[in-house]
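Q: Please see the structure below; I have some questions.
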Ligand code: SF4
């Protein structure tokens, strides 16, 4: 279909319903998958998100499970040497940088918070290696607090829709906070990660069979399937 064809007004409630249906059969976003497996504490979610940075889900999921099988609480991880953590997460990108960060977080949680990471955004953002994406995802998934986590998929898809117009994930987060109904703040990441990986892909998105084609502005899409 040509982008010159007139579009329906973008209806976020309808889009969410359609995307829910579309991703039902797809692999879940990594953090939501881990949460369903029981790795759903704020600490586990935060550590898993750090492991996932610049790493494909196919690698980060088994890597997080590998670490948590050996140690999954701040007290347990603080007992490990950095070298042991590094060996356990060696499959993920930047493991040599992430290992000391993970150990330092575990140690601070033990020393300052009695061994349990609080659901406090300022605390999460105070750790080296933790940015808004991971802090918001951990708070959303583990604490049920409404924060929007914008990764490359959420950024790409919502801008292609024309729902926001922002040049970076950080700006997309701000734009979504202003427009997206709060009831979707946690879910948007769970939906758009698989949607972006398998349907609205980085190159050659599957527009011709996409369920939201009639209202998507296809911003920046020059070729599609
Ligand atoms: S696949 Fe195409 S139609 Fe669907 S959301 Fe992405 S750009 Fe829009």
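Bear in mind these aren't lab numbers, they're just calculated from the coordinates by the rules spelled out. Predicted model, so just to flag it, every value in this text is computed and none were measured. Cβ: placed from backbone, ideal geometry, glycine included. Neighbour counts: every protein chain shown.
Q: 7 Å from Cα along Cα→Cβ at both residue 37 and residue 104: what's the point-to-point distance in nm?
A: 2.7 nm
Q: Once the Cβ-Cβ distance between residue 119 and residue 7 is put in as r, and R0 is 45 Å, what FRET efficiency do you end up with, to the nearest 0.05? Before the final figure, lay out the partial values.
A: Values: r = 40 Å, r/R0 = 0.88.
That pair, residue 119 with residue 7, gives E of 0.70.
Q: Taking the radius of gyration and the Kirkwood hydrodynamic radius from Cα positions alone, what is the Rg/Rh ratio for the range 108-166, to two decimal places?
A: Values: Rg = 14.2 Å, Rh = 12.8 Å.
Computed over Cα atoms, the ratio is 1.11.
Q: Sticking with this structure for a sec: Project the alpha carbons of the range 165-209 onto their principal axes and report the range along each, largest first, in whole Å.
A: 30, 23, 15
Q: Grab the beta carbon distance between residue 17 and residue 203, set R0 = 25 Å, and tell me the FRET efficiency rounded to 0.05.
A: Efficiency for this residue pair is about 0.40.
Q: Could you order the peptides 213-225, 98-110 from most to least packed, using the average number of other C-beta atoms within 10 Å per residue?
A: Numbers: 213-225: 14.8, 98-110: 20.2.
Answer by packing, highest mean first, reads 98-110, 213-225.
Q: Then there is this: For residue 222 and residue 84 in one chain, what is 0.36 nm times their gap in residues minus the Cα-Cα distance, to one decimal in nm?
A: Details: separation 138, 0.36 × 138 = 49.68 nm, distance 4.69 nm.
Between residue 222 and residue 84, full extension yields an extra 45.0 nm.
Q: Largest first and in whole Å, give the semi-axes of the range 93-225's equivalent ellipsoid, each being the square root of 5 times a Cα gyration tensor eigenvalue. The partial results should precede the final answer.
A: Values: eigenvalues 218, 53, 27 Å².
The equivalent ellipsoid of the range 93-225 has semi-axes of 33, 16, 12 Å.
Q: Something else: What spacing in nm lies between the two simple spin-label points modelled at residue 179 and residue 75, each 7 Å away from Cα in the Cβ direction?
A: Here the modelled spin labels are 4.8 nm apart.
Q: How many percent of the alpha carbon pairs in the range 38-136 exceed a separation of 17 Å?
A: Numbers: 2075 of 4851 pairs.
Counting pairs separated by more than 17 Å, the tail of P(r) holds 43 percent.
Q: Also, I was wondering about something else. Based only on Cα atoms, what mean projected area does the convex hull of the chain have, in nm²?
A: Values: hull surface 48.1 nm².
Orientation-averaged projected area of the Cα hull: 12.0 nm².
Q: When the helix-only estimate is applied to the chain (DSSP H runs of n ≥ 4, each -39,500 (n - 2.57), divided by the residue count), what is the mean residue ellipticity at 222 nm, nearest 500 deg cm²/dmol?
A: On the way: 12 runs with 125 residues, N = 225.
-16500 deg cm²/dmol, from helical runs alone.
Q: How far apart, in nm, are the 7 Å Cα→Cβ label points at residue 145 and residue 54?
A: 2.8 nm
Q: Over all alpha-carbon pairs of the range 29-94, lay out the pair-distance distribution in 5 Å bins, whole %, shortest bin first.
A: Values per bin, smallest distances first: 4, 19, 33, 27, 14, 3.
Q: If you average the alpha carbon positions of the range 1-56 and of the range 174-225, how far apart do those two centres end up, in angstrom?
A: Their Cα centres are 10 Å away from one another.
Q: What FRET efficiency do you get for residue 166 and residue 126 if R0 is 30 Å and r is their Cβ-Cβ distance, rounded to the nearest 0.05?
A: On the way: r = 26 Å, r/R0 = 0.86.
In this case the efficiency is close to 0.70.
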